[in-house]
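Here the structure is laid out as structure tokens; the discussion comes afterwards.
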Amino acid sequence: GSEMCIRDRYWNEQKIETSEAKQVIKKASEFKRKTRNRLIASNIILLSTCLFIGFIWFHYQPEFLSTKLGIILCIMAMLSYLAVQNTMAPLVSNQGVELDAKTQLTQLISLKEKQRFQHTTLLNIYFILLSLGLSLYMHEYTSRMSLQWAIISYSIVLFWIALNAFYFRPKTIVKQQRRLNELIAQLKNVNKQLTT
């Protein structure tokens, strides 16, 4: 009787653990799905922007070297950002595959490392190149304006970049990191339960 009771209790504990594990794995898969969708969206947006900038160059044939340099810098900023960002794709693209808690944990820790580099070094380089590129690009057109309008034009563009770099970006990063840290902690907990 006591043996049966112990077996039942063990089975119930296993059932609780696996249902908790399934919940956490489901949350991790959902997080990865959202990350993958953001990745796809940024690819579409930035590649379309590169094509549009390229079209402007060939259609309007800018005269100043600074304009051409500005266009090249903007395209370089976007393509290098995408190249690094797309290294996350293998970690978030295994949808429909039933992954265990350990695999999910390994992938999320790798994702966290990649995001740390992306959120710091990569985005700083991106915003510097983009600011420089846009400033050079605008020079040809602002040189034909009055000083007042040139200052207003530069101010609007640089304010928009600064708003993204120092307001929207940190808020998004904090939110993503908090969610990722929560999931990693939960998966570690599930792994500990399943291995003990």
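Considering only Ser93, Phe166, Gln118, the residue lying farthest towards the positive end of the dipole of region 74-173 is Phe166, judged by Cα position with unit charges set on Cβ. Please work out the Cα center distance from region 73-120 to region 128-196, rounded to the nearest Å. Cα centroid of region 73-120 versus Cα centroid of region 128-196: 18 Å apart. With 27 Å as the limit, the listed pairs Lys102/Lys171; Lys112/Lys192; Lys68/Lys171; Lys27/Lys171 have Lys102/Lys171; Lys68/Lys171 beyond it between alpha carbons.
Heavy-atom accessible area for Met145, with the other protein chains in place and a 1.4 Å probe, reaches approximately 80 Å². When restricted to Cα atoms, the chain yields an Rg and a Dmax of 24.3, 94 Å, respectively. Restricting the calculation to Cα atoms, region 96-148 yields a radius of gyration followed by a Dmax of 21.0, 64 Å. The magnitude of the dipole of the chain, with charges of +1 and -1 set on the Cβ of Lys/Arg and Asp/Glu and taken from the Cα centre, is near 360 debye.
When the solvent-accessible area of the chain is split by element, carbon and sulfur atoms take up 67 percent of it, the probe being 1.4 Å. Highest mobility in the GNM of the chain, judged by mean-square fluctuation with C-alpha springs under 10 Å and restricted to Leu163, Leu147, Leu111, is found for Leu147. Using the Kyte-Doolittle scale, find the helices of the chain whose mean hydropathy is at least 0.0 and whose Cα atoms extend 15 Å or more along the helix's long axis, counting only whole DSSP H runs. The answer, listed by residue number, is 65-85, 123-142, 147-163.
Figure note: Lys114, Lys22 ranked by solvent-accessible area, largest first, 1.4 Å probe, ligands and nucleic acids not counted: Lys22, Lys114. Exposure check, 1.4 Å probe, all protein chains in place: Lys26 carries approximately 140 Å² of accessible surface.
Solvent exposure of region 16-168, expressed per residue, is 60 Å² of accessible area, with all protein chains present and a 1.4 angstrom probe.
The values are calculated or read from the model by the stated rules, or taken from the named source; none is laboratory data. The shown structure was predicted, so the numbers you read here are calculated from the model rather than taken from an experiment. Please note: Cβ atoms are built from the backbone with ideal geometry, for glycine as well, and neighbour counts cover all protein chains shown. Each accessible area value is taken on the protein alone, full model and side chains, heavy atoms only, with ligands, DNA and RNA left out. Shrake-Rupley method; radii C 1.70, N 1.55, O 1.52, S 1.80 Å.
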